[in-house]
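The values are calculated or read from the model by the stated rules, or taken from the named source; none is laboratory data. In this text the structure is predicted, and so the values were computed from the model without any measurement. Don't worry about glycine lacking a Cβ; one is built from the backbone with ideal geometry, like all the others, and counts go over all protein chains shown.
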Ligand code: IMP
């Protein structure tokens, strides 16, 4: 079975990714499980650039097939901040309870559509000697007026999805996986990976 490295160290994300790609006939291995302890600097200005930097760096180091993602939340009223800086917003080690409350506080007095926000996820697939491919998925929502829900991670407790009348932290993991930015980007990528595997000569 072919193996694909997934260039993330975030366990929350890795669990979602495994679930979404579970019927793909490949062994999905995280950097940690591959025994790689890498700290790749995300120097890009876009999600696409950062996902490609991560996938290409690991592919060049290992010579293996590599998937990487870059994701974050864009709050329109804050000029799409924190965007690519979502993980580093207010400091990498600052608890999300503080980051989330800070965003809510910035939007006090702001109503309706002006509270719009989205989660964005870009996946990059790096294959030795081929062009790296990227896919993008988004989910639209609004910044909630208070923190709610205990599932998920990061900004889930303030990301309100009107169709479900709750935040993504109030959804079950399965429900979130059905609609998430990550699952949208990954399901398009899944078809690309299947085509790539089918194109390989039989072993
Ligand atoms: P990355 O590791 O640079 O992609 O960081 C992405 C950051 O964006 C995460 O650490 C979270 O802060 C945020 N983020 C991305 N996807 C989600 C999600 O599904 N829920 C909540 N926060 C997310």
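A compact table of results
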item: Matching residues in the range 1-14 - criterion: being assigned to a loop (DSSP other than H, G, I, E, B) and more than 11 Å from the ligand (Cβ to nearest atom); result: 1, 2
item: Residue tally, condition in a helix (DSSP H, G or I) and loosely packed, with under 14 Cβ neighbours inside 10 Å, over the range 74-92; result: 1
item: Residue that is in contact with a strand residue (DSSP E or B) (Cβ under 8 Å, 6 or more places away or on another chain) and away from the ligand (no atom under 16 Å from the Cβ), where the choices are 61, 65; result: 65
item: Residues of the range 15-41 that turn out to be touching a strand residue (DSSP E or B) at 6+ places or on another chain (Cβ under 7 Å), crowded, with 18+ Cβ neighbours inside 10 Å and either without any contact (Cβ under 8 Å) to a residue 60 or more places away in the chain or outside any loop (DSSP other than H, G, I, E, B) (or both), as a count; result: 3
item: Selected residue (criterion: nearest to the chain's Cα centre (by Cα)) from residues of the range 93-121 that are within 9 Å of the ligand (Cβ to nearest atom) and outside any helix (DSSP H, G or I); result: 121
item: Residue match in the range 157-167 (condition: in a loop (DSSP other than H, G, I, E, B) and at pLDDT below 95); result: no
